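Worksheet for the structure shown next.
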Amino acid sequence: MPKLKVIVLFVLLLATMAGVRAQQAPIFTNYNNSYTYINPGFAGLSEGVNLLGIYRQQWAGFTDTDGKEIAPTTLLVTGDMPIRALGGGISFSVLNDQLGFEKNTNVGLGYSYHLDMGGSTMGIGVSVTLLNRTVDFGALTPGQPGDPLLNQLHEESGMLVDVSAGLFWQIPESFYIGVSGINLLNTTGKSLGESESAASFTTDRTLYFVAGYPFMFETMPTFKFIPSVNVMTNFSSAQLNAGVKVVYNDLFSLGVNYRPQESVGLTVGLTIKDFVLGYAYDINTMGYNIPGSHEISLSYCFKLDLDRTPRDYRSVRYL
């Protein structure tokens, strides 16, 4: 019962801090690889040292009316590992996101406490993020002449600090589910104008829900099926991702991801020893001659020989 009270209190905390609208955070087609960034509770649950890099070029080649390249690009680097002496795991993340003439760089450090629940583990995590946000107003063309903000014709930047929190529950090699909120304080930085109604730099408060269920059929033991879902919202808009991957002999994978009213993504992955190379291509379904999106990832996992107390659990991955 004490464990349940802690979890319920944590969920209520996330809910009460998630009621403000903000710009939507970046999203990846291989969203399974971004759990360290979007959910601090995930840190250290894999019982190994994990390093990951993802580069995404959305709407490759997209330009504005002046022919300037404004396609969003995102680079994410994460790492996590369990620390037995701390009763959980630690993580770090570096995110560089460029959208048109806006650049954002996030650096985050997190900790997750691992709650042993018998046949499963609950990660309860928090992280602190330092965000540098920059906008080059001189590169923008005003829709109406005389706009006081765009006529500054110079670059503005601001430094913001925020926190994130999350729960991540998993049954080994079977089922997982997570709920988290990033940039929960929705920190407001310096004003970009002299008037009281002027815009200000803010962080992007976003709530995530993720779930997945890897399983195998007894008649096809060399194949693993991994359906998963990712829902994100900033309470101004919401984005659903639903996908499935088929992994052959833990070496090669193919997958598909559906993002309603936006794109269909095709993924491929290759495992070489402890390295996993992945690629995804999003086919735009919005029309308007918007190009597709490319995403490439590389991860490395170094397994640790941890002296943990044996736990009995029933695997549900075989159907």
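Quick notes
- Residue in region 198-212 that is open to solvent by 50 Å² or more (accessible area, probe 1.4 Å), touching a strand residue (DSSP E or B) at 6+ places or on another chain (Cβ under 6 Å), more than 13 Å from Asn30 (Cβ to Cβ) and of a type in the set (Val, Ile, Thr) present: no
- Some residue of region 69-86 being more than 15 Å from the chain's Cα centre (by Cα), open to solvent by 50 Å² or more (accessible area, probe 1.4 Å) and at pLDDT below 85: yes
- Apart from one condition, Leu277 fits all of (1) modelled with pLDDT under 95; (2) in contact with a strand residue (DSSP E or B) (Cβ under 8 Å, 6 or more places away or on another chain); the exception is (1).
- Residue count, region 205-225 (criterion: in a strand (DSSP E or B) and free of Cβ contacts under 8 Å to residues at least 24 places away in the same chain): 3
- Screening Asn249 on (1) at pLDDT 95 or above; (2) open to solvent by 50 Å² or more (accessible area, probe 1.4 Å) shows it passes everything except condition (1).
- Residues that are β-branched (Val, Ile, Thr) and within 19 Å of Ile177 (Cβ to Cβ), drawn from region 74-122: Thr121
- Residues in region 70-110 that are in contact with a Pro (Cβ under 9 Å, 6 or more places away or on another chain), aliphatic (A, V, I, L, M) and not in a strand (DSSP E or B): Ala71 alone.
- Residue that is modelled with the lowest pLDDT [pool: residues in region 138-186 that are touching a strand residue (DSSP E or B) at 6+ places or on another chain (Cβ under 7 Å) and of a type in the set (Asp, Glu)]: Glu155
- Scope region 38-55; condition in a strand (DSSP E or B) and open to solvent by 10 Å² or more (accessible area, probe 1.4 Å); matching residues: Val49, Asn50, Leu51, Leu52, Gly53, Tyr55
- Selected residue (criterion: nearest to Asp250 (Cα to Cα)) from residues of region 263-298 that are outside any strand (DSSP E or B) and either touching a Leu at 6+ places or on another chain (Cβ under 7 Å) or small (Gly, Ala, Ser) (or both): Gly292
The values are calculated or read from the model by the stated rules, or taken from the named source; none is laboratory data. All values derive from a computational prediction rather than experimental measurement. All Cβ positions, even for glycine, are placed from backbone atoms using ideal geometry, and neighbour counts span all protein chains on display. Just the protein is used for accessible areas: all its heavy atoms, side chains included, with ligands, DNA and RNA removed. Shrake-Rupley method; radii C 1.70, N 1.55, O 1.52, S 1.80 Å.
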